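For reference, the structure discussed in these notes is given below.
The values are calculated or read from the model by the stated rules, or taken from the named source; none is laboratory data. Given the structure is predicted, the values throughout are model-derived calculations rather than measurements. Neighbour counts are summed over all protein chains in view; Cβ atoms, including those assigned to glycine, are modelled from backbone coordinates with ideal geometry.
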Amino acid sequence: MKQFSACLFGVLLTTITLIPTANAGFDEGLVAAQNGDYETALKEWKPLADQGNVSAQHNLALMYYNGRGVLQNYKQAVKWYRLAADQRNAYAQYNLGLLYSEGLGVLQDYKLAVKWYRLAAYQGYSQALSNLGNMYENGQVVLQDYKKAHMFYNISSYHGSEYGAEKRDQLATRLNVQQISEAQDMAREWLAKHSQ
């Protein structure tokens, strides 16, 4: 789990959110960040984040996690991710799950990691779905269940994850035809219930 999550963590946490917003200053902060001017980005995004702008909160969390324009501070990253996650930002929910999984800025807590992964997964976030599949495959915090792991990998694949498709296919070698069919039924039911 750690190797997988650390790999995804580095990829996702370096990406500044490109969610359109009507708040003055957000776009200026985005341009500044894309040009490496994190000091200006911080000046533009901090007041917006304080006012509850979810994209600004997420981007501040990224800055604190990576130490861009600010001293690296995982506790501050957790603070801003939590604010954005509470507003249903799937990226923030996923990243908060990773912080709990790795014990960065918080005490390591796999149960809370699962909670935040699930919330992101309900929104179709493929990396959260893959991490849930990994947890079920390895029996980490949850009971080991290859059918559920296959289901989560399959749903992750449905949402565009090549990793999810690869893991689903690898796991299929451990399941018989009936189990694969049941896992596929579970995936269809899950998608019908959680698709937006």
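Just checking, how many residues over the stretch 11-41 are under 13 Å from L62 (Cβ atoms), at pLDDT 90 or above and out of contact with any Lys or Arg (no Cβ under 9 Å at 6 or more places or on another chain)?
2
What's the number of the only condition in (1) in a loop (DSSP other than H, G, I, E, B); (2) buried (at least 16 other Cβ atoms within 10 Å of the Cβ) that G160 fails to meet?
Tallying (1) in a loop (DSSP other than H, G, I, E, B); (2) buried (at least 16 other Cβ atoms within 10 Å of the Cβ), G160 fails exactly one: (2).
Here is a yes/no grid of residues against (1) surrounded by 21 or more Cβ atoms within 10 Å (Cβ to Cβ); (2) in a loop (DSSP other than H, G, I, E, B); (3) modelled with pLDDT under 95:
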| position | (1), (2), (3) |
| --- | --- |
| Q57 | yes, no, no |
| Y65 | yes, no, no |
| V70 | no, yes, no |
| Q76 | no, no, no |
| K79 | no, no, no |
| R82 | no, no, no |
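Can you list residue pairs whose Cβ atoms sit under 9 Å apart, with the first residue in the stretch 120-133 being at positive phi and the second being surrounded by fewer than 24 Cβ atoms within 10 Å (Cβ to Cβ)? Count only pairs 6 or more apart in sequence or on different chains.
Within 9 Å, the pairs are G124/A90; G124/Y158; G124/H159; G124/L191; G124/H194; G124/S195; G124/Q196.
Outside any helix (DSSP H, G or I), at pLDDT below 95, out of contact with any Lys or Arg (no Cβ under 7 Å at 6 or more places or on another chain) and under 20 Å from Y38 (Cβ atoms), is that true of G124?
no
Can you tell me which of L112, L107 is of a type in the set (A, V, I, L, M) and not in a helix (DSSP H, G or I)?
L107
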